[in-house]
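In what follows, a single structure is set out as structure tokens and then discussed.
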Amino acid sequence: YRKLDFDNYDFRVLVVKFSDSDEGKLDCCLEHESLINPSSYLALSYCWGDQNNSRSIQIGGYSVEITTNLAAALYAVRRLRCSTATRGPVRLWVDAICINQADNEERSNQVRNMRQIYAKSSEVLSWVG
């Protein structure tokens, strides 16, 4: 993870790249945004699921393990985007990925900003599995 600038109210957005295949590997990257004037993104609300039941996705060329429930949500969002006229990448805020869970200071800062992160998103998607 590249360090966030807390003074600039930075947060990360997961960019899920477009794929013609419904079940093709999830290829993603992370971008930094500021809550001061963010570009359009969606916020994903979901249940993390069983941490022992995981799947691998690509983020910035690295293999990253996420829960199967989150993977199912990301595939569903990508599938929804592919079925509409907007067939480009999907920009999402996803807490398990966009927050460096191993960095206590960052996690604490981002949890304090979650209300604003959800409020500034263009849409909040809820995945109930």
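The values are calculated or read from the model by the stated rules, or taken from the named source; none is laboratory data. Computed from a predicted model, the values in this text were never measured in an experiment. So basically every Cβ, Gly included, is an ideal-geometry build from the backbone, and we count neighbours across all protein chains shown. Quick note on the areas: whole protein, heavy atoms, side chains included, nothing else; ligands and nucleic acids left out. Shrake-Rupley method; radii C 1.70, N 1.55, O 1.52, S 1.80 Å.
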For the stretch 1-85: accessible area per residue (Å², 1.4 Å): 54 Å²
Rh by Kirkwood over Cα pairs, then Stokes-Einstein D for the stretch 86-129 at 1.306 mPa s and 10 °C, µm²/s: 132 µm²/s
Cα-based helix-to-principal-axis angle, 68-82 vs the chain, degrees rounded to 10: 70 degrees
Area of Ile99 that stays accessible when all protein chains are in place (1.4 Å probe, Å², to 10): 0 Å²
Percent carbon-and-sulfur accessible area, the chain, ignoring ligands, DNA and RNA, probe 1.4 Å: 49 percent
Globularity index of the chain, i.e. its alpha-carbon radius of gyration over 2.2 N^0.38 Å: 1.01
The chain, helix-only ellipticity at 222 nm - DSSP H runs n ≥ 4, -39,500 (n - 2.57), divided by all residues, nearest 500: -8500 deg cm²/dmol
Note, ³J(HN,Hα) from phi for the stretch 110-119, Karplus 6.51, -1.76, 1.60, rounded to Hz, x at Gly and Pro: 5, 5, 5, 8, 4, 4, 5, 4, 5, 5
Distance between modelled label sites at Lys3 and Gln51, nm, 7 Å Cα→Cβ extension: 2.6 nm
Mean Cβ count within 10 Å, highest first, over the residues of peptides 106-114, 66-74, 25-33: 66-74, 25-33, 106-114
Leu14, Leu80, reordered so the largest accessible area comes first (probe 1.4 Å): Leu80, Leu14
Solvent exposure, largest accessible area first (probe 1.4 Å, DNA, RNA and ligands not counted), of Phe6, Phe11, Phe18: Phe18, Phe6, Phe11
